[in-house]
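The numbers here are math on the coordinates, done by the rules we state, and not lab data. Quantities reported herein were computed from a predicted structural model and do not represent experimental measurements. Ideal geometry is used to build each Cβ from the backbone, glycine not excepted, and the neighbour counts take in all protein chains shown.
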Amino acid sequence: MNSTAGPFAGTTRLDAGRRAWELDALAGAPSVDLLVIGGGVTGAGVALDAASRGLRTVLVEARDLAFGTSRWSSKLVHGGLRYLASGRVGVARESAVERGVLMTRTAPHLVRPLPQLVPLLPGLLRRGQASLVRAGFVAGDALRLSAGTPAAVLPRMRRVDAARARQLVPGVRTAGLAGALVAHDGQLVDDARLVVALARTAAQYGATVLTGVRAEQVTGGSARLTDTRTGQSLTLGARAVVNATGVWAGEVDASIRLRPSRGTHLVVDAAALGHPAAALTVPVPGSTSRFVFALPQQLGRVAIGLTDEDAPGPIPDEPQPTDTEIGFLLDTVNAALETALTRADVRGAYAGLRPLIDTGDGATADLSRQHAVLESPSGVITVVGGKLTTYRRMAEDAVDTAVRLRGLSARGCWTARLPLVGAPAHGDSRPVAAGEVPASLLARHGGAAREVLAAGEARPVAQGIDVTRAEIAYAVTHEGALDADDVLHRRTRIGLVAEDAERARAAVEEIVGEALAGCERA
């Protein structure tokens, strides 16, 4: 392990004290093998890949881990069925393989099998469309088999009767319901939690992970780094620089041309759909490969998404759903519901931007989700495109490119068998008995759940919100959160519903303040 983390060497702990120590250490020795810019899933994946190969690695993120697109996904770890339907076999197989890696080796504690239910309703499926969906599900099962993912992890496709369909999605329309087709995919309990786990595991292998640090004047061999909290700056030399900033990639490397696509989700109470156990999957009118999903989520919510709309112009920090997109999602999902949802049922909404490579004309839904690793005239290596499911392969390709172009000495990639913090095979994980900790805490932290609970109280941070006070403290002492917003919006997803955030804010601010004070004393 190649680490310069001093007293933090070999630990997964990220906190304000480690951040300050590592900034000071960089100022004293401002040269590394690899600088990664961007703290989303791809950047964190690159940092883990590089550090685990023995490269001295620094990751900088101007805001916070998972601040951008990585926290705005559907949280699906999917096998690429949609890409198979459009003939993109390579992308589909890559997705299926990477889904299997996540679910069986690297992060099985964060991913669960999710039934996806397509109701057989009159008027919902056009003539012959049910057969197409069934054929697609069969092809998806073939992909699962070819990727080596066992049926014990992802059950085979099947048809169920109307009674079973209503058990899985109680809110489905019953008039004319002739059953449903059910297939399984993977679902993350939380996309932002995956990013945090990647960053912490990278830190364990010696990476320096710095949030609130902006990279400017970036070249292929250096960058000016500024601590956004203090204003202090240093120039860091690096044998290779990887730009993993997603939709902001063009701001770091002017040679990159992207065509962002906006994906919008609505957040409603699970009770509005009868607390579904499956994702209601509704075909988009006029399309053979696009669906709107009503996806069960943590905290008693359902996310309804998603759209695929051009998003030209400046890149906002937090993209906003449009009124048209909200109406489209409600209209589409209501076609399969017994009781229609209205705008009054929408508790929250969010949108993320896909960093699609600009290939010319055509709708964004038709642009390839294949990733690319590009070297700019300045020498910056940019990794762009792709999707959350294939982050690990994107990271591997980016580090392989850096090693080849810059002559770095590194071992081969082994992240396909490297368990993340909290995974059962991770060295710091401990088996947790049923009932020992709250079930929701176990779902979010896996084998680290007992350690989380040791950080504070098991009682909820606010009434009706099943996030414990211990998780708030742990976000600061172990997961790099530096303020209440980091906790509300990224270490937990309380912030997806504004009313929840306001109810919890006072308690969160109190716990965060106490935890930060403890980190400073330590």
Task: Inter-probe distance in nm under a simple model that places probes 7 Å from Cα toward Cβ, at Gln463 and Asp428 - done: 3.6 nm
- [ ] Calculate one ³J(HN,Hα) per residue across region 296-308 by plugging θ = phi - 60° into the Karplus curve 6.51 cos²θ - 1.76 cosθ + 1.60, and present them in order as whole Hz with x for glycine and proline.
- [x] x, 10, 5, 6, x, 10, 10, 9, 10, x, 9, 9, 8
Task: Paramagnetic reach from Glu502 in region 322-346 [backbone N under 17 Å; point 7 Å along Cα→Cβ] - done: 344-346
Open item on the list: Largest first, please: the extent of the C-alpha atoms of region 1-125 along each principal axis, to the nearest Å.
Closed with: 69, 27, 24
Task: Two-site label geometry, Ala142 and Ala178: point separation in nm, points 7 Å out along Cα→Cβ - done: 2.5 nm
Task: Full-stretch length increase - Arg158, Ser31 - with 0.36 nm per residue and alpha-carbon distance subtracted - done: 40.1 nm
Task: Matching label, Rg and Dmax of the Cα atoms in Å computed from the structure shown, candidates (1) 25.2, 85; (2) 22.4, 71; (3) 28.1, 125 - done: (2)
- [ ] Rank these for me by crowding, Met103, Met394, Met157, going from fewest to most other beta carbons within 10 Å.
- [x] Met157, Met103, Met394
Open item on the list: Quick query: amide H of Leu59 versus all other amide H atoms, modeled in the peptide plane; which residues come in under 5 Å with a sequence gap of 5 or more or a different chain?
Closed with: Val36, Thr208, Val209, Leu210
- [ ] For region 182-318, build the convex hull from the C-alpha positions and give me its volume per residue in Å³.
- [x] 192 Å³
Task: Compactness of region 439-521 - radius of gyration and Dmax, Cα, Å - done: 11.5, 34
Open item on the list: Between Ala271 and Asp400, what's the calculated FRET efficiency when r is the beta-carbon distance and R0 is 41 Å? Round to 0.05.
Closed with: 0.30
Task: 15 Å beta-carbon shell around Ala163, net charge (K/R +1, D/E -1) - done: +3
TODO: Averaging sequence separations of C-alpha pairs under 8 Å and six or more residues apart, then dividing by the length of the chain, give the relative contact order as a whole percent.
DONE: 21 percent
Task: For region 66-74, 3J(HN,Hα) per residue [Karplus equation, 6.51 cos²θ - 1.76 cosθ + 1.60, θ = phi - 60°, Hz, x = Gly/Pro] - done: 6, 5, x, 4, 4, 9, 10, 7, 7
Task: Nitroxide proxy distance, nm - points 7 Å out along Cα→Cβ at Arg127 and Gln320 - done: 4.5 nm
Open item on the list: What are the ³J(HN,Hα) couplings of region 152-166, residue after residue, when phi is run through the Karplus curve with 6.51, -1.76, 1.60 and θ = phi - 60°? Round to Hz, x for glycine and proline.
Closed with: 5, 8, 10, x, 5, 5, 8, 9, 10, 7, 5, 4, 5, 4, 5
- [ ] Give, in nm to one decimal, the length gained when the segment between Glu520 and Asp358 is fully stretched (0.36 nm per residue of separation minus the Cα-Cα distance).
- [x] 53.7 nm
TODO: Please order Asp358, Asp317, Asp49, Asp466 by the number of other Cβ within 10 Å, starting at the fewest.
DONE: Asp317, Asp358, Asp466, Asp49
Task: Per-residue Cβ neighbour rank within 10 angstrom, fewest leading, Leu14, Leu388 - done: Leu388, Leu14
